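Note sheet for the following structure.
The values are calculated or read from the model by the stated rules, or taken from the named source; none is laboratory data. Remember, it's a predicted structure, so these values are computed and weren't measured experimentally. Note that we place each Cβ from the backbone using ideal geometry, even for glycine, and neighbour counts take in every protein chain shown. Note: areas computed on protein heavy atoms with side chains; ligands, DNA, RNA excluded. Shrake-Rupley method; radii C 1.70, N 1.55, O 1.52, S 1.80 Å.
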Amino acid sequence: MITMLFGEVRVTALASTPVLVLREAEGPRELAVWVSAGGAAAVLSGLEAESVDHPSTHDLLLEVLSSQSALIESVEVLAVRDGVYTAQITVNSMTIPCRVSDGVALALRSGAPILAAETLLAEHGLARFPSADSHGETDEVEQFREFLANVRADDFDERAP
């Protein structure tokens, strides 16, 4: 398994569907995962301080787990099946299937590592290109940004023509 970091949540110009970007911690690859608006909001709220007055469902789940001395050990992004990413959370050595957005939202709140299968990165990872210098971007970076701005969920659906 490869350690991943939260990159960003982006809404493309052509589609209003958010894209969750996970970046390889020690490498050039990224995963672009289509998520719902609610999933994107849950991920982004995990970057903010917890609201004591209005805890999210994810905050509540962490409190319940903590009350039972349960610990989220990791979140693993495993594969793509029928155009949908699959993931699982490991809690006290037990694995539980989850949506990628829920897993990342919980990982951001708990500090658990986000991992991705090497085979998944090999097949679906996109190369992240560093800038040529601090004053401008390379053509590859611009091409990648253009790709993210124009990509559609159907592009990842194997059933699409």
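Worth a mention:
- Between region 72-112 and region 32-63, the alpha-carbon center distance in angstrom: 14
- In loop segments of region 15-62 as defined by DSSP, the GluC sites (Glu not before Pro) with at most 15 further C-beta atoms inside 10 Å of their C-beta are E26, E48, E50.
- The value given for region 1-112 is a Kirkwood hydrodynamic radius of 14.6 Å, derived from the mean inverse Cα-Cα separation.
- Exposure check, 1.4 Å probe, all protein chains in place: T57 carries approximately 110 Å² of accessible surface.
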